[in-house]
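Let me begin by presenting the structure, written as structure tokens, before commenting on it.
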Amino acid sequence: MMIHQLQVSYTMAQDRLLVRLNTHGGEELRLWLTRSMMKQLLGHLLKAVGTPATATGPLVSHDGSSSAALAQFKKQEALQQADFKTPFKAQASALPIGAAPLLATTVHISPLAGGSLRLGFEDKSDTSNTSPGFEVTLDAPLLHGFMHLLDLALKEADWGLALSPAPEAQVASALDAFVGAEPPRYLN
């Protein structure tokens, strides 16, 4: 299933994140993510994005930069190329899992080659044997875009969860590094 558009929004009445995915075939998939699900999911998503699986192994740079710095560069590059201006197409030709959003109670995450990620969402809240769900594969640029949209929605939800540290936290950690630093020692 090829994803064409993604939308993530916070719905205050439900106190959930609504994820909507449009496919190139005109289908729309809808998904609810609760705060508790996001708490569990965040660490796995950050790990998957921070350490992309590649055929050649971990990311390395010719100048010795860390893989985290290279992952951050890849993220910035993907976000610059993403199209956040085109409105989400709300009129779907088909709703394969129905009009009501799927309540994600179980998420399966599988890293793939090239930084892609396969996400499988299931609703196991019903006691019957059937568990409705769907699976999508997000390539690296789409995954970074999805993470960015999740981050924006989490800030709006004010759940105390975030994918990126607040600017104040970044400044505080930089100041802490200076406070704990030892002065240089010289030999004459």
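So the values come out like this:
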| quantity | calculated |
| --- | --- |
| Positions within segment 116-147 being in contact (Cβ under 8 Å) with a residue 60 or more places away in the chain and in a strand (DSSP E or B), in sequence order | LEU117, PHE121, PHE134, GLU135, VAL136, THR137, LEU138 |
| Pairs, first farther than 17 Å from THR137 by Cα and open to solvent by less than 30 Å² (accessible area, probe 1.4 Å) in segment 23-48, second among the hydrophobic types (A, V, I, L, M, F, W, C) and assigned to a helix (DSSP H, G or I), C-beta under 9 Å, six or more apart | LEU33/LEU41; LEU33/LEU150; LEU33/ALA153; MET38/LEU150; MET38/LEU154; MET38/ALA157; LEU42/LEU150; LEU42/LEU154 |
| Selection from segment 15-59 of residues that are in a loop (DSSP other than H, G, I, E, B), among the polar types (S, T, N, Q) and modelled with pLDDT under 95 | THR51, THR54, THR56 |
| Filter result (among the charged types (D, E, K, R) and either without any contact (Cβ under 8 Å) to a residue 12 or more places away in the chain or in contact with a strand residue (DSSP E or B) (Cβ under 9 Å, 6 or more places away or on another chain) (or both)) within segment 10-22 | ARG16, ARG20 |
| Meets criteria (of a type in the set (A, V, I, L, M) and over 21 Å from MET2 (Cβ atoms)) for LEU117 | no |
| Near pairs, Cβ below 6 angstrom, 6+ apart or cross-chain, from segment 103-115 (farther than 17 Å from MET147 by Cβ and in contact (Cβ under 8 Å) with a residue 60 or more places away in the chain) to any residue that is of a type in the set (Phe, Trp, Tyr) and open to solvent by less than 50 Å² (accessible area, probe 1.4 Å) | LEU103/TRP32 |
| In segment 111-133, the residues that are open to solvent by less than 20 Å² (accessible area, probe 1.4 Å) and within 18 Å of GLU27 (Cα to Cα) | LEU119, GLY120, PHE121 |
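The values are calculated or read from the model by the stated rules, or taken from the named source; none is laboratory data. Only a predicted model underlies this, so the values are computations on that prediction, with no experimental measurement involved. Here Cβ is always computed from backbone atoms with ideal geometry, including for glycine, and neighbour counts include all displayed protein chains. Keep in mind that these areas ignore ligands, DNA and RNA; they rest on the heavy atoms of the full protein, side chains included. Shrake-Rupley method; radii C 1.70, N 1.55, O 1.52, S 1.80 Å.
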